[in-house]
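Accompanying notes for the structure given below.
The values are calculated or read from the model by the stated rules, or taken from the named source; none is laboratory data. Because the structure is a prediction, the values reported are computed rather than measured. Cβ atoms come from the backbone with ideal geometry, glycine included; neighbour counts cover every protein chain shown.
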Amino acid sequence: MSASSEALIQAPPRSLPRIGEDWLSVIIGLAIFVFALAGLANVDLIGWTVTTSVWGNLGQALGPVSKAYAALGGFGALVATYAALLIVLTAAAVALGAEARKFALAFTAVFWIAYASWIAGNMPISPRSPRPSCRSSASAGRSSSPTKAPISSP
């Protein structure tokens, strides 16, 4: 047999069947939903995840969802959430054919930049002064009519 006929006889290596990203999203979403439903039976499976809130000092920015995991603290809950998302989403990316290392590095960068941006964007201008509101001048008790001039006192 010649080398060219051997190449024709050899079949290309078979790849594992891959799941589509839509169904993979449904599966991951349903798994999270089932974990959350465990709360109805007083079993807290996802209370360790991070939650964000309006804050006056940095210690109030992050915290665990459930008070049962208060010992984690805000940063601990953030790291736990990052680790869980990294594991689940890297496995999903590999199932879709991505390289695990590249995905993990990109996800890590996006995750930490996003949380740093959120914290910086929600930093109060001054801890003693509230943020400016978007009230209109009419709701603040001032007239917004152009025909009436403000009355000044002598």
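Odds and ends about this structure:
- Restricting 73, 47, 29 to residues that are at positive phi and either modelled with pLDDT of 90 or more or basic (Lys, Arg) (or both) narrows the list to 73.
- Among the residues of region 31-61, those identified as touching a helix residue (DSSP H, G or I) at 6+ places or on another chain (Cβ under 6 Å) and either charged (D, E, K, R) or in a loop (DSSP other than H, G, I, E, B) (or both) are 44, 45, 46, 47, 48, 49, 61.
- Of all residues making up region 35-91, the number that are more than 25 Å from residue 123 (Cβ to Cβ) and of a type in the set (Val, Ile, Thr): 5
- Test result for residue 83, within 30 Å of residue 19 (Cβ to Cβ) and touching a helix residue (DSSP H, G or I) at 6+ places or on another chain (Cβ under 8 Å): no
- Residue selected from region 82-113 under the condition in contact (Cβ under 8 Å) with a residue 40 or more places away in the chain and more than 18 Å from the chain's Cα centre (by Cα), by the criterion surrounded by the most Cβ atoms within 10 Å (Cβ to Cβ): 95
- Residues in region 36-61 that are touching a residue at least 60 places away in the same chain (Cβ under 8 Å) and either surrounded by 17 or more Cβ atoms within 10 Å (Cβ to Cβ) or more than 14 Å from the chain's Cα centre (by Cα) (or both): 54, 55, 56, 57, 58, 61.
- For region 62-81, taking the residues that are in contact with a Ser or Thr (Cβ under 8 Å, 6 or more places away or on another chain) and assigned to a helix (DSSP H, G or I), the one that is surrounded by the fewest Cβ atoms within 10 Å (Cβ to Cβ) is identified as 80.
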